[in-house]
Structures are given as structure tokens and as C-alpha cells.
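Data block below; observations after.
The values are calculated or read from the model by the stated rules, or taken from the named source; none is laboratory data. Given the structure is predicted, the values throughout are model-derived calculations rather than measurements. We place every Cβ from the backbone using ideal geometry, glycine too, and count neighbours over all the protein chains shown.
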Amino acid sequence: MFLMLLGAPGAGKGTQGKRLVEQLGLPHLSTGDLLRQAVIDRTEVGQQAARYMDTGGLVPDEVILRLVSERLKKPDCSEGCLFDGFPRTLVQAQALDELLQRLGTPLDAVIELRVHEEEVVRRLASRGRRDDKPEIIRQRLKTFYESTQPLLDYYRRQGRLRTIDAEGTEQDIFARILAELPEQRDR
Ligand code: AMP
């Protein structure tokens, strides 16, 4: 099963993503995690990506698409994975559609985690990651509203989007997500 989590920074994609992959036994394909590891490992991708990440902008599509297509080729992804933080632009979304079409495995569901902006800012401010400083948070939110929000319409038009109210306890939010998954719903 190929699943995707969409939502603003701080909407809980990382937290809920971890729970979901444990529950479903899927690999967690987080481009943010892959990029942070590349920065630590000082790979070429890491060196290219760091300056965008440090300013709250987006890493160029071609860098991201290379990273994702390499990861998808690994055998553990043959039955599916959870995309987290990817795609973030329409170019990435269209490229992913083509990739999955070639693999003959369409996207099963796109889960939007929806949180009010004040709550997002509050969560990010308490997280303490290197790019969670107030001016970078503002830029990351701006990037989200400009580049990533149009993806919601893209997937809504495809009939794949499921919007979840992502405020409340971690357990409640997780239960709402499970209730929206194709298999879980049919049980
Ligand atoms: P995240 O952990 O998903 O919040 O990602 C952290 C940072 O990595 C973002 O602020 C971007 O600079 C970069 N990044 C992660 N995923 C992508 C993506 N799909 N496209 C472009 N940049 C990304």
C-alpha cells in the first residue's frame, strides 16, 4: 500500500507517520529525514540541500526526485511505503504519479493532517529542531502555503484526499487516520 501524509510543518506528519508505519509494517519514506541524514553524512545531496533547509525554503525538485527514486528502488518499498514530507510541489507530485504508474502501483490514499495555524506555530516552537527558530518557522509556513497547499487540490481532484482533524491527543488523531485507510475501513 502506498500512502501519503500531507500537512503544514508541525501538523504531526512525523509523529503520526511513525505510528502508521509500525501499525502497517511499511517503510517510512520521509524526505526530511533522508535529507537530514545526507547533511550528517556530508554527501553531495546533503551539501546541496543544507542551505535550503537552513532558510526554510524547498530543496530543488531534481535533487528530491533523485533521492526518492533511489529510495523507491530498494526492495523494502516494493509492496508500498508511507510518503512523509513528499511531495511538496506539483512537479514532485506529477513525477511521483509517473513513477508509481511505471511500477503499476497507484497511490492508495493521501491523508491531509489539518491543524490551525496558531497551533502549528505553538507545536513548532516547542520542538527545538535546528530549523525551528521563529524566523525559519515563518518562512517554512509561507513555503507550505505557497508551494505545497496546491497539492491538496491536485489530490482532491483525483479523489484520493482524506482530510483529518489533526488536533487533539496523539491516540485520537491516530484512530481517525486508521478509520480513513482503505483496508481498515472495510474490516
Ligand atoms: P521536513 O522534515 O519534512 O519538515 O523537511 C525539512 C526541510 O527539508 C524542509 O524545510 C525543506 O527544506 C526540505 N525538504 C524536505 N522534503 C522536501 C521536499 N519534498 N521538497 C523540497 N524540500 C524538502
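Residue-level check: of (1) in a helix (DSSP H, G or I); (2) within 16 Å of the ligand (Cβ to nearest atom); (3) more than 17 Å from the chain's Cα centre (by Cα), Leu96 misses just (3). Scanning segment 35-63 for residues that are part of a helix (DSSP H, G or I), of a type in the set (A, V, I, L, M, F, W, C), touching a residue at least 12 places away in the same chain (Cβ under 8 Å) and out of contact with any Gly (no Cβ under 9 Å at 6 or more places or on another chain) yields Val45, Ala49, Val63. Which residue out of Arg66, Arg102 is free of Cβ contacts under 8 Å to residues at least 12 places away in the same chain and assigned to a helix (DSSP H, G or I)? Sole residue among the options that is free of Cβ contacts under 8 Å to residues at least 12 places away in the same chain and assigned to a helix (DSSP H, G or I): Arg102.
Considering segment 104-138, the residues that are modelled with pLDDT of 95 or more and of a type in the set (D, E, K, R) include one that is surrounded by the fewest Cβ atoms within 10 Å (Cβ to Cβ), namely Arg114.
Between Leu161, Leu181, which is in contact with a helix residue (DSSP H, G or I) (Cβ under 9 Å, 6 or more places away or on another chain), under 28 Å from Asp61 (Cα atoms) and in contact (Cβ under 8 Å) with a residue 12 or more places away in the chain? Outline the logic, then answer.
Details: Leu181 fails: under 28 Å from Asp61 (Cα atoms).
When all the criteria are applied, what remains is Leu161.
Taking the conditions (1) among the aliphatic types (A, V, I, L, M); (2) more than 17 Å from the chain's Cα centre (by Cα); (3) within 23 Å of Arg19 (Cα to Cα) in turn, Leu103 satisfies each one other than (3).
Scanning segment 148-179 for residues that are of a type in the set (A, V, I, L, M, F, W, C), under 15 Å from the mean Cα position of the chain (by Cα) and either over 16 Å from Leu5 (Cβ atoms) or part of a helix (DSSP H, G or I) (or both) yields a total of 3.
Only one entry of Leu72, Leu141, Leu65 meets the criterion of being among the hydrophobic types (A, V, I, L, M, F, W, C), under 30 Å from Thr169 (Cα atoms) and surrounded by 15 or more Cβ atoms within 10 Å (Cβ to Cβ), and that entry is Leu141.
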